[in-house]
Amino acid sequence: NKFDKSNSFELANLFIKYGMGIATGDDKKFISIDKKELEIKFEDHSLIKKISYRLFDTRFINYDNSKIERGRKELMTHLLPQNNLGLISLKRARNNFTSKFGIVNQISDKSVISTLDNSFVFPLYLYPETKSQQTIEQISVRTPNFNVQIIKIIAGKLGLTFTKERETTTNTFAPIDILDYIYAVLHSPTYREKYKEFLKI
């Protein structure tokens, strides 16, 4: 079957804010498996954060945007709260990976999926700008990082009501349900085989 673009949308159109992962310019200096190593090396311990460095490989980073090459602060600030998720994806792959997608729950490196390619991250929620740590009030006003027009189309086709957070109310769906569905479809062998030529690009 020929791929029908009229019944589909790109991730870049579904998510409002997305971008490439972090590039430190010197991983040996700024990233470590050992948090204490960074604490000894750098004075400001509050800048040491967990980072998804590679798939299933969480490390620590001295997340000082004034020192690292590309901190992607405007994007990564939404992944610093502990209760957010992000879809990660390669736009184009120079290797033969069958999986170009994943999920992170913290800031992520640009090579999280492949050291040959740049990974993009799509946060599930956007948080209000703040100079301090997130409070319960700020968390309650987080907004889904989705294009409202596409969400309306999905809701209409499903016959369900979209909610900002998951509810126990019947006939509703939430951002996490969309993320779960995307992840499941992208890892479906049937889907991968049917659309493998499109997934390459």
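The values are calculated or read from the model by the stated rules, or taken from the named source; none is laboratory data. Owing to the predicted nature of the structure, the values given are computational and were not obtained by experimental measurement. All Cβ positions, even for glycine, are placed from backbone atoms using ideal geometry, and neighbour counts span all protein chains on display.
Details
- Candidate set from segment 153-186 (those that are small (Gly, Ala, Ser) and assigned to a helix (DSSP H, G or I)); member that is modelled with the lowest pLDDT: Ala184
- Within segment 47-74, being polar (S, T, N, Q) and in contact with a helix residue (DSSP H, G or I) (Cβ under 8 Å, 6 or more places away or on another chain) holds for Asn62, Asn65.
- There is no residue in segment 114-131 that is at pLDDT 95 or above and surrounded by fewer than 12 Cβ atoms within 10 Å (Cβ to Cβ).
- In segment 136-152, the residue that is modelled with the lowest pLDDT out of those that are in a loop (DSSP other than H, G, I, E, B) and under 28 Å from Asp109 (Cβ atoms) is Arg142.
- Members of segment 12-32 that are charged (D, E, K, R) and within 24 Å of Ser46 (Cβ to Cβ): Asp26, Asp27, Lys28, Lys29
- Listed by first and then second residue, the pairs linking a residue in segment 60-76 that is touching a residue at least 12 places away in the same chain (Cβ under 8 Å) to a residue that is part of a loop (DSSP other than H, G, I, E, B) and small (Gly, Ala, Ser), with Cβ atoms under 8 Å apart and 6 or more places separating them unless they lie on different chains, are Tyr63/Gly71; Asp64/Gly71; Ile68/Gly25; Glu69/Gly25; Arg70/Gly25; Arg72/Gly21.
- Residue list for segment 1-20, filter: at pLDDT 95 or above and out of contact with any Leu (no Cβ under 9 Å at 6 or more places or on another chain): Leu14
- Among the residues of this structure, Lys152 does not count as one that is more than 21 Å from Leu126 (Cα to Cα) and surrounded by fewer than 17 Cβ atoms within 10 Å (Cβ to Cβ).
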